[in-house]
Amino acid sequence: MTDIKQRVAAVTGAGGGIGLGIAERLARAGYQVIAMDRDAKVNEAVAILSAEGLKVQAVVLDVADEAAVKKAVADIDAQHGRLDVLVNNAGIHPKVNGERNSFMKMTTAQWNEVLGVNLTSAFVLCREVAPLMKRQRWGRIINMSSRAGRTLVDTAGIHYAAAKAGMIGMTRVIAAEVAADGITANCIAPGRIVSPMTDQGSAEQRAMLVGRIPVRRIGTPDEIGHVVQFLASEDAGYLTGTVIDVNGGTFMC
Ligand code: NAD
């Protein structure tokens with residue numbers, strides 16, 4: 001069994017929000033973490049964690065840029081010779097025409113942008129990383145879906161809902177194909193989590209949203225990090241092709 005301290009984990013969208021929570025969790029557990037984000041703020045976030053002695057490395061890249069993704073995976077292989085955990089977390093949720101997300105007002109360009117960042121990038125990363133994991137006969141792929149990929153969420157646009165539901169179908173197919181190679185692939189479907197993506201609206205609107213969550217609070221990035229840590233562990237080897245809902249009970253309502 002490989003010591004966690006030798007394991008390498010790549011997390012996309014790790015410059016802030018949930019991704020940074022995941023990167024920090026894994027780094028504190030002993031992983032060498034590659035924190036990827038298109039925003040250079042990832043350098044600052046990594047500098048803070050590195051100052052504590054954690055093994056975190058920043059890579060500024062747009063996950064929708066296939067050539068940049070291929071180069072990043074090749075660089076990880078060249079530098080570390082392995083990649084044990086891939087967390088496809090980067091995501092966007094732009095408003096449609098600044099108002100309620102009617103699909104009838106959505107342009108194809110808006111649709112393509114969200115599908116490109118939220119779904120296609122994850123497909124490309126899984127495809128590029130799987131041969132490394134197969135080579136070491138061990139790997140953990142963790143894809144960030146959403147409650148909006150599981151059920152109707154009235155604030156989610158059609159592009160976002162389609163990408164997050166697509167993530168679940170895609171993960172199942174990957175899980176089946178690589179299961180015999182010691183690689184698992186699973187999704188996490190968060191409900192509302194504190195992050196810049198959700199830090200919007202008035203105090204009244206937020207209170208109303210919290211009132212709809214059975215546990216009566218918004219989740220934290222570290223709580224998602226905790227589930228990632230479990231899915232990445234040796235003990236989670238019998239868990240594949242599934243979705244873990246982390247939403248304070250909202251999905252059951
Ligand atoms: P966030 O906006 O706070 O963070 C997303 C990060 O991804 C940012 O640092 C951003 O720079 C990065 N990013 C965006 N596009 C990128 C690209 N093309 N290439 C590289 N990096 C890119 O969002 P968050 O709330 O932390 O969400 C993280 C993930 O969790 C997303 O996939 C989101 O859809 C999902 N999610 C979030 C919530 C929530 O309540 N916060 C709920 C369900 C699902």
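The values are calculated or read from the model by the stated rules, or taken from the named source; none is laboratory data. None of these values were measured; they are calculated from a predicted model. Backbone-built Cβ (ideal geometry, glycine too); neighbour counts: all protein chains shown. Heavy atoms of the whole protein, side chains included, go into the accessibility calculation; ligands, DNA and RNA do not. Shrake-Rupley method; radii C 1.70, N 1.55, O 1.52, S 1.80 Å.
Odds and ends about this structure:
- Put simply, of ILE244, ILE174, ILE183 the only residue that is within 16 Å of the ligand (Cβ to nearest atom) and aliphatic (A, V, I, L, M) is ILE244.
For every residue, the table says whether it meets (1) away from the ligand (no atom under 12 Å from the Cβ); (2) in contact with a His (Cβ under 9 Å, 6 or more places away or on another chain); (3) open to solvent by less than 50 Å² (accessible area, probe 1.4 Å); (4) among the small types (Gly, Ala, Ser).
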position	(1), (2), (3), (4)
ASP3	yes, no, no, no
ALA40	no, no, no, yes
ALA51	yes, no, no, yes
ALA64	no, no, no, yes
ALA67	yes, no, no, yes
ILE76	yes, no, yes, no
ALA90	no, no, yes, yes
PHE103	yes, yes, no, no
THR107	yes, no, no, no
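- Of the residues ALA72, ALA29, the single one that is within 11 Å of the ligand (Cβ to nearest atom) and surrounded by fewer than 24 Cβ atoms within 10 Å (Cβ to Cβ) is ALA72.
- Neighbours by Cβ (under 7 Å, 6+ apart or cross-chain): first from region 220-238, free of Cβ contacts under 8 Å to residues at least 24 places away in the same chain; second among the hydrophobic types (A, V, I, L, M, F, W, C): PHE230/ALA236
- Residue that is farthest from ARG212 (Cα to Cα) [pool: residues in region 154-191 that are at pLDDT below 95 and either charged (D, E, K, R) or crowded, with 18+ Cβ neighbours inside 10 Å (or both)]: GLY157
- Remark: pairs (first residue in region 201-216, in a loop (DSSP other than H, G, I, E, B); second residue among the charged types (D, E, K, R) and surrounded by 10 or more Cβ atoms within 10 Å (Cβ to Cβ); Cβ separation under 8 Å; 6+ apart in sequence or on different chains) = ILE213/ARG192.
- Selection count, region 231-250, where residues are part of a strand (DSSP E or B) and of a type in the set (A, V, I, L, M, F, W, C): 3
- A Cβ distance below 8 Å, combined with a sequence gap of six or more or placement on separate chains, defines the contacts here; from region 35-59, residues that are free of Cβ contacts under 8 Å to residues at least 60 places away in the same chain and under 19 Å from HIS80 (Cα atoms) reach residues that are open to solvent by 80 Å² or more (accessible area, probe 1.4 Å) and away from the ligand (no atom under 12 Å from the Cβ) in the pairs LEU54/ARG28.
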